[in-house]
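The block underneath contains the structure these notes are about, expressed in structure tokens.
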Amino acid sequence: MSLLRSVSDMHRLSTELRSGGKRIALVPTMGALHDGHLSLIRAAVAKSDVAITSVFVNPTQFGPNDDYDRYPRDLDHDCALAFGAGSNVVFAPTVEEMYPDGPVATVDVGPLGEKLEGKSRPGHFNGVATVVEKLFRITMPHVAFFGQKDAQQVAVIRFLVKSFDLDVEVIPMPIVREADGLAQSSRNMFLTASERAEAPVLYRALRLAAEQLSNGAADPVGIRQEMKEMISATSGVIDYISLADAATLEEITEKQRGQDVLVSLAVRYGKTRLIDNCHVRIP
Ligand code: AMP
């Protein structure tokens, strides 16, 4: 088990592992690890000889009004959890290690990064794609694990891999939830007790949409409206509610047999912005 803080140490180790024929898995994270992250790490351990967990709060994917400064950071605790889940290496570079000369050449993921989350967070996905590209080059993984919690991120990373012919297998993993349905997130710790009690409505709204898309009479416009009413009955402020084609991320207006739909939402409780989603195939 080793904690590496420098890019050159990490790159040297991965180069050695590769030449020794070892299979490397990477789990990119921003730390504040919870069971959602640990499910990715366990899957990475099962599918590789060496599982690397990266812990890096990447400034370039946060906008000026985002929560970069208050994002939780506790590297000792993260190491204990990551190693406990079987990770062989924790790679936790500083910002200066990753961006020693300030701005870098960036990856532009185009329109894919401008929809849904990208509309609310301009530049976010270019920041994500750029840092993941850097992490791939530094850690040289054969396989990388990402959570469906960030469904658009999975699409962006697949697009990155395809665009640059990267030799990395991308494996998406299911969303890990609390017992009441709230998706686990590093940001949940910022919720007040009353916000925490209200937040599972997001999952209930997604369940309602899934049910209506699968068996119900409501069309997408009606479903969005019902979800809006459910969430608006709490103190949550809706950023967006989307029923989109899972491949194109274009909003849908009618149900089409066999279509894969990504139902997603972002809602603010106080200062905390929560996201969640589910995939539904229309029967
Ligand atoms: P983050 O630290 O928020 O950047 O997340 C790191 C990785 O963990 C991303 O691929 C996330 O999608 C994934 N992740 C975060 N929360 C969950 C969750 N509740 N279930 C599954 N994966 C998750």
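The values are calculated or read from the model by the stated rules, or taken from the named source; none is laboratory data. Values in this document were obtained by computation on a predicted structure and should not be read as measured data. Virtual Cβ from ideal backbone geometry, glycine too; neighbours counted across all protein chains shown. Just the protein is used for accessible areas: all its heavy atoms, side chains included, with ligands, DNA and RNA removed. Shrake-Rupley method; radii C 1.70, N 1.55, O 1.52, S 1.80 Å.
How many of the residues making up segment 214-223 are crowded, with 20+ Cβ neighbours inside 10 Å and either modelled with pLDDT under 95 or out of contact with any helix residue (DSSP H, G or I) (no Cβ under 7 Å at 6 or more places or on another chain) (or both)? Give the derivation first.
So in segment 214-223, the residues crowded, with 20+ Cβ neighbours inside 10 Å come out as 220, 223.
Narrowing further to those that are either modelled with pLDDT under 95 or out of contact with any helix residue (DSSP H, G or I) (no Cβ under 7 Å at 6 or more places or on another chain) (or both): 220.
Result for segment 214-223: 1.
Going through THR253, THR234 one at a time, which residue ends up being surrounded by fewer than 13 Cβ atoms within 10 Å (Cβ to Cβ) and part of a loop (DSSP other than H, G, I, E, B)? Outline the logic, then answer.
Values: THR234 fails: surrounded by fewer than 13 Cβ atoms within 10 Å (Cβ to Cβ).
The conditions single out THR253.
So which helices (runs of 4 or more DSSP H) stay within segment 23-102 end to end and still have 1 or more residues that are in contact (Cβ under 8 Å) with a residue 60 or more places away in the chain and within 12 Å of the ligand (Cβ to nearest atom)?
Per the criteria, 35-46.
For segment 74-106, how many residues are of a type in the set (Val, Ile, Thr) and open to solvent by less than 20 Å² (accessible area, probe 1.4 Å)?
2
Taking the condition of being free of Cβ contacts under 8 Å to residues at least 40 places away in the same chain and within 13 Å of the ligand (Cβ to nearest atom), how many residues in segment 130-166 meet it?
4
Tell me yes or no: at least one residue of segment 175-184 is over 25 Å from ARG273 (Cβ atoms) and crowded, with 18+ Cβ neighbours inside 10 Å.
Start the filter on segment 175-184 by keeping residues that are over 25 Å from ARG273 (Cβ atoms), which leaves none.
Checking segment 175-184: not a single residue is over 25 Å from ARG273 (Cβ atoms) and crowded, with 18+ Cβ neighbours inside 10 Å.
Going by what's in this entry, would ALA210 be described as in the same structural domain as GLU251 (by TED's automatic domain parsing) and in contact (Cβ under 8 Å) with a residue 24 or more places away in the chain? It would help to see each step written out before you state the result.
On the way: in the same structural domain as GLU251 (by TED's automatic domain parsing): yes; in contact (Cβ under 8 Å) with a residue 24 or more places away in the chain: yes.
For ALA210, the condition - in the same structural domain as GLU251 (by TED's automatic domain parsing) and in contact (Cβ under 8 Å) with a residue 24 or more places away in the chain - is met.
Would you confirm, using the coordinates I've provided, whether SER48 is among the hydroxyl-bearing types (Ser, Thr, Tyr), farther than 18 Å from LEU75 by Cα and open to solvent by less than 30 Å² (accessible area, probe 1.4 Å)?
yes
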